[in-house]
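Please read the structure below before turning to the comments.
None of the figures in this text is laboratory data; all of them are computed from the coordinates on show. This one's a predicted model, so the numbers in the text were calculated from it and none came from an experiment. All Cβ positions, even for glycine, are placed from backbone atoms using ideal geometry, and neighbour counts span all protein chains on display.
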Amino acid sequence: MADDLALLLRRAGFGPTPAELAAAKKVGYEATVATLTAPTAPDVGALLTPMPAIEPDPLTGLSNPTDDQRAKAGVERWEQTRRITQWWLDRLTAADHQTREKLWFFWHGHWATSVRKVIRPQLMILQHRSLRSSLDFAVMAHKMVTDPALVFWLDGQDNTRTAPNENLGRELMELFMLGIGRYTEKDVKAAGRALTGWRIDFDGGRTYLSPGWHDDGKKTILGVTENFDAHSLVDLLLKQPRCAAFVAERLWFRYASSTEPIPKSTRDSMVSVFPDSASMLRRLFEDEAFRASAGSLVKQPTEWFVGAMRHLGLRPGEFSEDMLNYTLNGLERLGQLPFAPPSVEGWPAGAEWLTVGAAHTRLNFAGRIAQLVPVERLTPENMAHLLTIETWSNRTYSVLKATTDPQRLLTIGLASPEYLVT
C-alpha cells in the first residue's frame, strides 16, 4: 500500500513532500485518490501565486512600426515571456491541488502551442486562462478551436474560402480529438473549409468570424453532410466513439505508461466518465493497471525540476535573475520549457528524456539546485526520506555512501535513476 501511495502521489502531482506522503498513508489509497481528483479545500498555494497581469503587446496600436520599435518590442516580449514562465513554475511548485496543476500542464502539452511562433505572451496567457476555466474536454475543445494563440500557431488566420488552409483541421482530428488514421484526406479538406474565416484581433486578444471569408457551403465530414462551422465540427468530433477513447489513451500515455498500451477495461472505465478529464483521471488511478505500471515512466524535465523545488522547499518565484536565467536555459536544454513546446505534437516521453546529453545537463542542473540549499549534514537514508524515495538500488547506494560532501550527495540524489523514474 505504501508503495502504491508513493506511486500515486508522484504520478498525480509534481512530487510529494514527506508530509504529504505521511498524510496519504493515514487515510489510505482510495480516499487519497478522491481528494486528489476532487479537492474541496481552497488551494491556498495557488491563491498566493496569482496569475500575473502583463502589459499590452508593445506594438499595440502601431500600424507601421519602425525597425527600432520592432527591436524594442522583441526585448519586451521576451521579458514578458520570462515573467509568465517564472510565474507558472512557481505556481506548479506552490499549489496545494497538485493533481489539478499537473492536469492543466498535461492539457498545455496536448493543445501544444508555442510562444516561439505566437510571439505575443499575451495570447499565451489568454490561452492558459482558457484551459484553466474547465477540465471538461468538450468545453475545452470549443474554446481551443477559436483560441487566438492556437489559431495563429496553426495558420488558421490565413484559412479562407478562396484559399483554405488544412493545418488546424488536420491537427484537430489527428492530435487533439481522434488520433492518427481515424479520418480521410477528404475529411481533412472538408474540416479546413469548416474552419475558414476566423481572424485575429491582436490588439484585443480575441478571434472573430469574418463572414465573407467563411465557406458556408455543405461539407461531408466522417460521413455526415452538413453546413459545418468551427463549433459544429467540434460537436461532430466529440460524438465520435474514438474521441473519448483517444483522450483516455493520451492520459494513460502521460500518467501510466509511454510504452505499454492501455488495457481495454481501463480505457472503457475512463471513457464512461468522458468528457470530465478529472473523473477520467480518477478512474485511471483507481485501476489495478495503473498500480502495476510502477517503474515505467520517466519524469519530464519540468516535472523533475518542480519536484526538486517542492522537496527542497525552494520557490522559483524567489529566484535571482541569474538563477532564473540558468533555470530557463536548463529546461530548454533538457527539452521542456513551459509555453514553448517544440511542435504541435507536444513533448516526447519515456526514453527520449534519457540521452547522454540530457544526463549531463541534468547533473549540472542538479548541482546548481543543490547550491541553493544550506546542507550541513546529509546521509543516503535521510535524503531518501527528503526526496520520498522508498529505497536506493545497491549501485546508487554504494555511490552515495562513498560521497562525503552533502551538496554533492544531494546532486547525485536529484540526478539518480530512483528520482527520475517513477
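Relative to the longest principal axis of the Cα atoms of the chain, helix 356-370 runs at roughly 60 degrees. Summarised in one figure, the compactness ratio Rg/Rh of the chain, Cα atoms and Kirkwood Rh, is 0.99. Pairs from the table (143/239; 218/239; 143/186) lying more than 21 angstrom apart at Cα are 143/186. Partner lysines whose Cα lies under 27 Å from the Cα of residue 25, excluding those fewer than 8 positions away in the same chain, are identified as 102, 299. This ranking places 287, 136, 147 by how few other beta-carbon atoms lie within 10 Å of each, fewest first, which gives 136, 287, 147.
If we sort 361-373, 63-75 on the protection proxy, mean other Cβ atoms within 10 Å, highest first, what's the order?
Peptide ranking by packing, descending: 361-373, 63-75.
Shown is the FRET efficiency for residue 210 and residue 418, computed with R0 = 56 Å from the Cβ-Cβ distance and rounded to the nearest 0.05: 0.50.
Taking a quarter of the surface of the Cα convex hull of region 1-130 gives a mean projected area of 9.4 nm². Bridging of residue 72 to lysines at a Cα separation below 30 Å is possible for 117, once same-chain residues fewer than 8 apart are set aside. Contact order for region 325-422, expressed relative to its length and based on alpha carbon pairs under 8 Å spaced 6+ residues apart, stands at 30 percent.
One Cα centroid belongs to region 352-422, the other to region 182-260; the line between them spans 45 Å. A DSSP coil position with no more than 15 other Cβ atoms inside 10 Å describes the following trypsin sites (Lys or Arg not before Pro) in region 209-245: 218. Can you tell me the 0 to 90 degree angle between the C-alpha axis of helix 277-286 and the longest principal axis of the chain, rounded to 10? Tilt relative to the chain: about 40 degrees. In a GNM of the chain with a 10 Å cut-off on Cα contacts, which of 131, 47, 387 has the highest mean-square fluctuation? Evaluated over the chain, the most mobile residue of the options is 47. Computed from Cα atoms, the angle from the helix 321-334 axis to the main principal axis of the chain rounds to 70 degrees. Taking every alpha-carbon pair under 8 Å whose residues sit at least 6 apart, the chain reaches a relative contact order of 19 percent. Rounded, prolate or oblate: which fits region 290-350 when a ≥ b ≥ c are the square roots of the eigenvalues of the alpha-carbon gyration tensor, with rounded for a/c under 1.5 and prolate only if a/b beats b/c? Cα axes put region 290-350 in the oblate bin. Among 280, 383, sorting on how many other beta-carbon atoms sit within 10 Å of each Cβ, with the fewest leading, yields 383, 280.
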